[in-house]
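Single-structure report; data block below.
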Amino acid sequence: MAVALIDLQAQREVIRADLEPRLSAVMAHGKFILGPEVNEFERELADKCGARYCVGVSSGTDALLMALMAIGISRGDAVFLPAFTFPATAEVVALLGATPVFVDVNEGTFNIDSSHLHETIIKIQKHSGLIPKAIMAVDLFGLPAAYDEIRAIASEFGLRVIGDAAQSLGAEYLRGDKVGVLADVTATSFFPAKPLGCYGDGGAIFTDDEELAALFVSIRAHGKASDRYDIVRLGLNARLDTIQAAILQSKMTVFDAEIERRRAISLKYDAALSGYVHIPEKPEGILSAWAQYTIRTERRDHLKNVLSDANIGNAIYYPKPLHHQTAYVQNTDILSSLPVSEALCKEVISIPIHPYMSDNDIDMVVETIKKGLH
Ligand SMILES: *Cc1c(COP(=O)(O)O)cnc(C)c1O
């Protein structure tokens, strides 16, 4: 690879001296399930985000599922979410027997379109027999969704707001509010390729609500009460492993610097690529975590070949909107087409933005794109 889409080996060299003693310590104390590192990491991450509670769980998908379980989502409920996202966002709604209702997105930010959200809620309320219950806002590619607008719509209709922050940990919204406090419940992922990734699966849930936080602790261990064999609700086996918590503690030592570097790379790309492709929109006052730098061009398939031929990492997130996925097509009868999501799937391509690329790497990516589109 001339320039990798993501380079975890470079990161590993940087954290090696900090990481290895932490791993040895876990193996020595042997508390692999809910060992002390889990609680320490939860506290550290909650403080960093300004959230009252953080509960470590087994994946981002489980974090989303548990968020919906805790607010009581079930059959007959409608949950609104963008059609242009990773499938997990919709899957957890359907697993609980509720109906995912797909909403179109904004082509500049890739995030849920507030006016289409408002329209869709009214349509579902009037014509579907489903009960609107929650909005899942996705912070796609690391950029926080338009939470002020989303929260206003949620209070108009009495809905809960769940933040799918799988890609946006480390991002900042207006007024300096960090991801973790922007929704009633925020779910994130530590999948290795996310901005804060572990060496396996992992996730976390943030909330300021004490009762919800207690529910998450119960649900992640089979629905237990404070006594381990007093089972008071349906739960899961969905804990964050101690060894992953130790890895995450180590990665936290470089996380701020990594986000800074991602931001610096995004600025270089903005300056070099505008005019050649559509660059991602940066709403005033909001700072993305830059999980991905995603550009749009009508010559996307051509550009993909050019980048791949030059050994430059690239990916298409996402090739198909969720309302066209086989598992979810049953929903299309109550919905019209979602033209922006459909167009984006044909035009987007994500290019390398990992914190360990050099300025030379950035130049190589830029020059390859410019030459390829000439
Ligand atoms: C990665 C991702 C998830 C799922 O996270 P996992 O930890 O892989 O389960 C959910 N939503 C979005 C938007 C994601 O990018």
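Test G97 against the criterion of being closer than 23 Å to V181 by Cα and more than 15 Å from the ligand (Cβ to nearest atom), and give yes or no.
Numbers: closer than 23 Å to V181 by Cα: no; more than 15 Å from the ligand (Cβ to nearest atom): yes.
No; evaluated as a whole, the condition is false for this residue.
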Note on the range 256-285: residues part of a helix (DSSP H, G or I), open to solvent by less than 60 Å² (accessible area, probe 1.4 Å) and over 20 Å from V179 (Cβ atoms) are Y269, D270, A272, L273
_Suppose the filter is in contact (Cβ under 8 Å) with a residue 12 or more places away in the chain and open to solvent by 10 Å² or more (accessible area, probe 1.4 Å); does P321 pass it?_
no
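One line per residue, one yes/no per condition, for (1) open to solvent by 50 Å² or more (accessible area, probe 1.4 Å); (2) assigned to a strand (DSSP E or B); (3) at pLDDT below 95:
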| position | (1), (2), (3) |
| --- | --- |
| S115 | yes, no, no |
| I121 | no, no, no |
| G129 | yes, no, yes |
| F141 | no, no, no |
| P144 | no, no, no |
| D148 | yes, no, no |
| S155 | yes, no, no |
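Condition check ((1) within 12 Å of the ligand (Cβ to nearest atom); (2) within 30 Å of Q9 (Cβ to Cβ); (3) of a type in the set (K, R); (4) over 13 Å from the mean Cα position of the chain (by Cα)) across all residues:
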position: N106; (1), (2), (3), (4): no, no, no, yes
position: D113; (1), (2), (3), (4): no, no, no, yes
position: M136; (1), (2), (3), (4): yes, no, no, no
position: D139; (1), (2), (3), (4): yes, yes, no, no
position: D164; (1), (2), (3), (4): yes, yes, no, no
position: F190; (1), (2), (3), (4): yes, yes, no, no
Sole miss for N331 among (1) open to solvent by 40 Å² or more (accessible area, probe 1.4 Å); (2) modelled with pLDDT under 95 is condition (1)
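Would it be correct to say that F86 is open to solvent by 40 Å² or more (accessible area, probe 1.4 Å), within 22 Å of the chain's Cα centre (by Cα) and among the aromatic types (F, W, Y)?
Criteria met by F86.
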Filter the range 227-255 for residues that are among the charged types (D, E, K, R) and touching a residue at least 40 places away in the same chain (Cβ under 8 Å); the one that is nearest to A204 (Cα to Cα) is R239
Taking the range 292-309 and the residues there that are of a type in the set (A, V, I, L, M) and buried (at least 18 other Cβ atoms within 10 Å of the Cβ), the one that is farthest from P280 (Cα to Cα) would be L307
Of the residues in the range 1-22, those that are surrounded by 11 or more Cβ atoms within 10 Å (Cβ to Cβ), at pLDDT 95 or above and among the small types (G, A, S) come to A4, A10
Matching residues in the range 196-219 (within 14 Å of the ligand (Cβ to nearest atom) and open to solvent by 10 Å² or more (accessible area, probe 1.4 Å)) number 3
Output for Cβ contacts, cut-off 7 Å, separation at least six or different chains, first residue aliphatic (A, V, I, L, M) in the range 82-99, second within 9 Å of the ligand (Cβ to nearest atom), reads A88/G60; A88/T61; A88/L64; V92/T61; V92/L64
Filter the range 166-185 for residues that are of a type outside the set (A, V, I, L, M) and within 12 Å of the ligand (Cβ to nearest atom); the one that is most open to solvent (accessible area, probe 1.4 Å) is Q167
Counting only strands (runs of 3 or more DSSP E) entirely within the range 158-208, those with at least 3 residues that are of a type in the set (S, T, N, Q) and within 19 Å of R43 (Cα to Cα) are 185-189
Flagged in the range 42-67 as within 16 Å of the ligand (Cβ to nearest atom) and in a helix (DSSP H, G or I), in numbering order, are L45, G60, T61, D62, A63, L64, L65, M66, A67
Taking the range 23-41 and keeping only residues that are surrounded by 13 or more Cβ atoms within 10 Å (Cβ to Cβ) and in a helix (DSSP H, G or I), one is left with L23, A25, V26, P36, E37, V38, N39, E40, F41
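Could you grab me the full set of residues in the range 68-94 that are hydroxyl-bearing (S, T, Y) and within 16 Å of the ligand (Cβ to nearest atom)?
Here is the first cut: in the range 68-94, the ones hydroxyl-bearing (S, T, Y) are 74, 85, 89.
Hits for the range 68-94 are T85, T89.
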(message) Checking the structure you have, find out if any residue of the range 186-193 is buried (at least 24 other Cβ atoms within 10 Å of the Cβ), modelled with pLDDT of 95 or more and within 22 Å of E281 (Cα to Cα).
(response) no
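The values are calculated or read from the model by the stated rules, or taken from the named source; none is laboratory data. Note that the structure is a prediction, hence the values are computed from the model and not measured. Ideal geometry is used to build each Cβ from the backbone, glycine not excepted, and the neighbour counts take in all protein chains shown. SASA here: full protein model, heavy atoms, side chains in, ligands and nucleic acids out. Shrake-Rupley method; radii C 1.70, N 1.55, O 1.52, S 1.80 Å.
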